[in-house]
Amino acid sequence: MAPPRSAVVENLPPSLNSSAEQPPLFDGTTRLYTCYTCPFAQRAWITRNCKGLQDKIKLVPLNLQDRPAWYKEKVYPMNKVPALEHNGKIVGESLDLIKYVDSNFEGPSLFPDDPEKRKLGRELWSHVDEFMKIVYTSFKGEGPKECGSAFDHLESALGKFEDGPFFLGQFSGVDIAYIPFVERFQVYLSEVWKYDITAGRPKLAAWIEEMNKIDAYKQTKTDPIELVEYYKMRFTAQQ
């Protein structure tokens, strides 16, 4: 699909904390329970925006540091975000939700029909957790010395198709699966390790540049300073 270049800028609702009342459950409203700073929830949020579903799927942001008890007790026992309330049920897990929203709602398809692209898409889809693991582990060790191969893998994958700068040539759900984490890794590695993940990786640089032109994604980005401070707290070896 061609990535949506513009989208209505939303007035985002405030995050709900432990004192907030629970919205009505299964009243016919489709709700995406999310957190504005969570990369997993960001995947589902980007998907919603790219499909043009801002009026069809209501955001219910939660404060994960002070989350409402009713969320675990009455909405989603896993007590994680994202979770989607739709048609009398709750659907969770961010990668599953990209496909669920794509399949169950109107809007342009997020996955190509071309067999070769679908094959690479499946490979990249199955690799995303390993990519995240390598980079996160490096934060506790020697940083760039340990995670460079993860970004080299992305650079190689981005060169498979020539009809666009995205993983499958044209924009797809695979880009949505990776971008929340690349966004965070780029900021943290630059700030803490003075490491530029795009240096020597022109296709990765072009991909990030193109992603940053997509309003459906840009509206979901977290403040870089907030990202760095959070990661510094999380990875105490770098404090």
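The values are calculated or read from the model by the stated rules, or taken from the named source; none is laboratory data. Predicted model only: the values in this text are computed from it and were never measured. Note that each Cβ is placed from the backbone with ideal geometry, even for glycine, and that neighbours are counted across all protein chains shown. What goes into the accessible areas is simple: the full protein's heavy atoms, side chains included, and nothing from ligands, DNA or RNA. Shrake-Rupley method; radii C 1.70, N 1.55, O 1.52, S 1.80 Å.
Tabulated results
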item	result
Residue match in the stretch 34-48 (condition: under 21 Å from residue 181 (Cβ atoms), free of Cβ contacts under 8 Å to residues at least 24 places away in the same chain and assigned to a loop (DSSP other than H, G, I, E, B))	no
Residue tally, condition more than 22 Å from residue 88 (Cα to Cα), in contact (Cβ under 8 Å) with a residue 12 or more places away in the chain, open to solvent by 50 Å² or more (accessible area, probe 1.4 Å) and not small (Gly, Ala, Ser), over the stretch 11-32	3
The stretch 118-157, residues that are surrounded by 17 or more Cβ atoms within 10 Å (Cβ to Cβ) and assigned to a loop (DSSP other than H, G, I, E, B)	143
Which numbered condition residue 233 fails, given (1) open to solvent by 40 Å² or more (accessible area, probe 1.4 Å); (2) within 23 Å of residue 45 (Cα to Cα)	(2)
Long-range neighbours under 6 Å by Cβ, at least six apart or interchain, first residue more than 16 Å from residue 176 (Cβ to Cβ) within the stretch 203-225, second open to solvent by less than 10 Å² (accessible area, probe 1.4 Å) and part of a helix (DSSP H, G or I)	204/154
Given (1) surrounded by fewer than 18 Cβ atoms within 10 Å (Cβ to Cβ); (2) part of a helix (DSSP H, G or I); (3) not aromatic (Phe, Trp, Tyr), number of the condition residue 175 does not satisfy	(1)
The one condition in (1) surrounded by fewer than 23 Cβ atoms within 10 Å (Cβ to Cβ); (2) at pLDDT 95 or above that residue 192 fails to fulfil	(2)
When residues of the stretch 198-223 are limited to those that are among the small types (Gly, Ala, Ser) and part of a helix (DSSP H, G or I), the one least open to solvent (accessible area, probe 1.4 Å)	216
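Yes/no per residue for (1) surrounded by 22 or more Cβ atoms within 10 Å (Cβ to Cβ); (2) part of a helix (DSSP H, G or I); (3) modelled with pLDDT of 95 or more:
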residue	(1), (2), (3)
70	no, yes, yes
73	no, yes, yes
85	yes, no, yes
91	no, no, yes
95	no, yes, yes
100	no, yes, yes
103	no, yes, yes
107	no, no, no
116	no, yes, yes
